[in-house]
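FYI, it's all coordinate maths here, none of it is from the lab. None of the values given here were measured: they were computed from a predicted structure. So basically every Cβ, Gly included, is an ideal-geometry build from the backbone, and we count neighbours across all protein chains shown.
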Amino acid sequence: MADAGPCWSTQQLTELLATVSEVTDPASLQRRVVEHASEALDAEVAAVVEHDQVVASVGFPRGQAPSELLLAAAEGHLQVLQVEGGGACEVLVADCDGVPGLRLLVARSDGGYSQEERSLLRGTARVLSMALVSSRTVDDLRERQTLLERLSRIQGSISSRAPLHEVLDTITAGAAELIGDDIVGLRLVDPAEPETLLLVSSVGVPAHLTAESSRTPLGWGVGGRAALLDMLVVTDAYTALAAPIPGFAEDGIRSAMAVPVRQGGRPVGSLTVATRRAGRVYSASEQEVLTAFAEHVSLALNDAQTVEALQRAVQEATHQSLHDGLTGLPNRALFLDRLARAREHSDRHGTPLAVLFLDLDDFKVVNDSLGHLVGDQLLSAVADRVVTALRGCDTVARLGGDEFAVLLGEADHNEATVAADRVLMALEEPFDLGTHTVHVGASIGLVTAVGAQVLAEELLRDADVAMYRAKADGKRRYVVFEAGMRHRLQARTELESELRVAVEQHQFTVHYQPVVDAASGRVTSTEALVRWNHPRRGTVSPAEFIPLAEDTGIIVALGSQVLREACRQTAQWRLLPALHDLTVSVNLSPRQLAEPQLLADVEAALTGSGLPARALVLEVTESLFVQDLTSAAARLHSLKALGVRLAVDDFGTGYSSLAYLSRLPVDVLKVDRSFVAGMAETGSAEGKLASVVLALAASLELDTVAEGVETRHQAEALVAQGCTRLQGYHFSRPVAPDLLPQVAADLCARLSLRVPAIPIARSDGDVSAVSAR
Ligand code: C2E
Ligand code: CA
Ligand code: CA
């Protein structure tokens, strides 16, 4: 019997339910049940005992049932019954939980009850008590029939081998209909994590709580308690529970009731009903109905086919837990697992392996300015390109955000660098994302190893460290890990937390570098350059902390402090006659430009200081346009609309084409220092480029500022080629604000003589020591 098929026990119960739904009086019910039990279990004897009375039995001639023996067997005092014609029969007893003192027992000559037979007897006892209770408490015959119908529908869907989720949904839908509550949840223990319950089917759980309730610790909520304590749990004050599920408590759940779901006699989950209705109290019959229901769920789980299906479902969930939902790539956990195995392989065979840690450059800018949808599209497209650029046997994983990792099995140093180059090249082409064309670069850290001396986590961390180096070296490149890099990462982490404190405590000051007007020799503008007065380290150079501030987003708060201060200071200087037309340039990082807040920040800085908008120049770098010209242009236009002027900083070092210049509302080009430095050597490529840039600017009628002018020779050559303004140590280093008026006056006095055109003397940039007179 027991081996007649995996659905055998549930079929038996389906049949039993159909049978008992037709009878109403307790005596006939009990009779049907013992008949059914003896048949289903092939037992010589079956009996129902209530307290000290045998109320129904089969297997004995009429009126000759040995009451005392049966009662003793039901109490557990007798394991074997001597039956005429059957010999020694082994006894199996099940409590009818809902009805105190009621027990169902069978006895058969070839004992050895299987697990499934034992649960069938429990299920049969359950059906009996449920039918008895419902005949007593559920007065309405129709209601009782609904209950039984629901149960047989569930049994039916199990017997017909419906997909597991359908069976489970039939259960929760059935419970919802029977109890009439709006919320029902069926939870099962996560086999991979026995302290956690998975919500495998539910009705009426609000959308915003599905994530929160999909995995809950055993013991949480009524469902968690029922599973933990293996008993019925009822409350009409949900929030007063020892450990309510926080989201549900906030959602206004008042009353809830849960029963354990068992497998092989042990609790493996729970079935919960709940409501927000005030004053809801669960009656004994409702408690009974839910208990009966859960017993059927238990039987469904005991069914071999269903268990298998459940395991498959869990495997699927496991796949999900090891892969990234967006790209479908392995996630960090799976990557580390593969890496650990590759290390073992490497150890055994002495073959090398390599890990690449890849982080997109300025992804945050794309994400913040074009939205998460475009950001997600970009990440998927990047994932595709990286995978295509590598061999099929390499593992590409997404670690989170815009971080990816690559495991190159059996790859030596050379092969690894070739692979890193291939990845970088694959990302070079712009990404066509429908509405936007986006450029994105990547920084890659590379580490190779042989054997298993280093842990998988350590290898990945080393590659991560090298990646940071690649960022610091200017992005869009790979850097090979060296041991010395490790403590630099630690320093970086320290610097980040110090930087946050610095923003809070306003440890920044702004210095100003004069910009000289070539025609008049006057200082008509300055560039605001931030300085960090570190409490321990003294003045820290922006080159050290600006890149980190950009990566961490700290630049947004920092930049707005600089902007406000520069506007305030310049407005104040403009009150001096000599500086009445002074303007100021403030650097904006790409990250700041992506910030929707920027426009309001600029406006506030202007109105707060009274500085006219035309006296403010905002410097942006080309990298901004490289990413997405269309949205960058839109942002710059709205800034322009405030009346400020815009400059392209470090012009000529970016990757963009010159074509964008005509599309952007730019007023000033700042010729990068490297071109100016090149002018020292006659005929150098950089020197020639400077002339080209200046000619281009002239043709577009743009103002030009040459950066990093360090010698008189450079200054003269630049002016000869039409450069209108000059900035550099040759004139002045950036200076503290209290020094600026004097420095400007000295410069003006010195330069306005203009004979010879520009002074030669220079001593360490100390302008006061410079004298043309
Ligand atoms: P930048 O915008 O290109 O600023 C010019 C840098 O060149 C300044 O370095 C300046 O001191 C330096 N410099 C000026 N003349 C000469 C010269 O003749 N020779 C040489 N070798 N260098 C010269 P600083 O102040 O260290 O700033 C470095 C970078 O940090 C700036 O480059 C800018 O990109 C960034 N930065 C500074 N302040 C801010 C800020 O408030 N916000 C943002 N986003 N970035 C800032
Ligand atoms: Ca600048
Ligand atoms: Ca610059």
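A few points about this structure:
- Calculated FRET value between Ala557 and Ala698, using beta carbons and R₀ = 35 Å, to 0.05: 0.35
- Computed over the alpha carbons of region 177-236, Rg followed by Dmax gives 11.6, 34 Å.
- Ranked by the mean number of other Cβ atoms within 10 Å per residue, highest first, peptides 111-117, 518-524 order as 518-524, 111-117.
- In plain terms, the residue of Val735, Val440 with the fewest other Cβ atoms within 10 Å comes first and the most crowded comes last, giving Val735, Val440.
- Shown for Trp8, Trp220: other C-beta atoms within 10 Å of each C-beta, ranked fewest to most, produce the order Trp8, Trp220.
- Residues listed by number, region 341-380, amide nitrogen under 16 Å from Gln597 label point at 7 Å toward C-beta: 365, 368-369
- Between Asn533 and His487, the simple spin-label model (points 7 angstrom out along Cα→Cβ) gives 3.0 nm.
- Between Lys475 and Thr388, the contour length at 0.36 nm per residue exceeds the alpha carbon distance by 29.1 nm.
- Long-range HN-HN contacts of Arg254 with modeled amide H, under 5 Å: Thr275, Arg276, Arg277
- Model label points for Glu166 and His506, set 7 angstrom from Cα along the Cα-to-Cβ axis, are 7.0 nm apart.
- Eigenvalues of the alpha-carbon gyration tensor of region 451-490, scaled by 5 and square-rooted, set the equivalent ellipsoid semi-axes at 20, 11, 8 angstrom, largest first.
- Using R0 = 30 Å, the C-beta based FRET efficiency linking Leu373 and Arg663 works out to 0.75.
- In region 519-596, one over the average inverse separation of all distinct C-alpha pairs is 14.1 Å, which is the Kirkwood hydrodynamic radius.
- Inter-label distance, nm, simple model (7 Å from Cα along the C-beta direction), Asp337/Ala237: 4.6 nm
- For a straight C-alpha distance cut-off of 26 angstrom, the lysines reachable from Lys471 (same-chain residues fewer than eight places away being disregarded) are Lys364, Lys670.
- Cβ-based exposure ranking for Leu575, Leu164, Leu489, in which fewest neighbours within 10 Å come first: Leu575, Leu489, Leu164
- Net charge dipole, region 465-528: roughly 400 debye, given to the nearest 20, about the Cα centre with Cβ charges of +1 for Lys and Arg and -1 for Asp and Glu.
- Of the GluC sites (Glu not before Pro) found in region 7-78, the ones in coil according to DSSP and having at most 16 other Cβ atoms within 10 Å of their Cβ are Glu22.
- Cα-based shape type of region 379-467, given that a ≥ b ≥ c are square roots of the gyration tensor eigenvalues and the cut on a/c is 1.5: prolate
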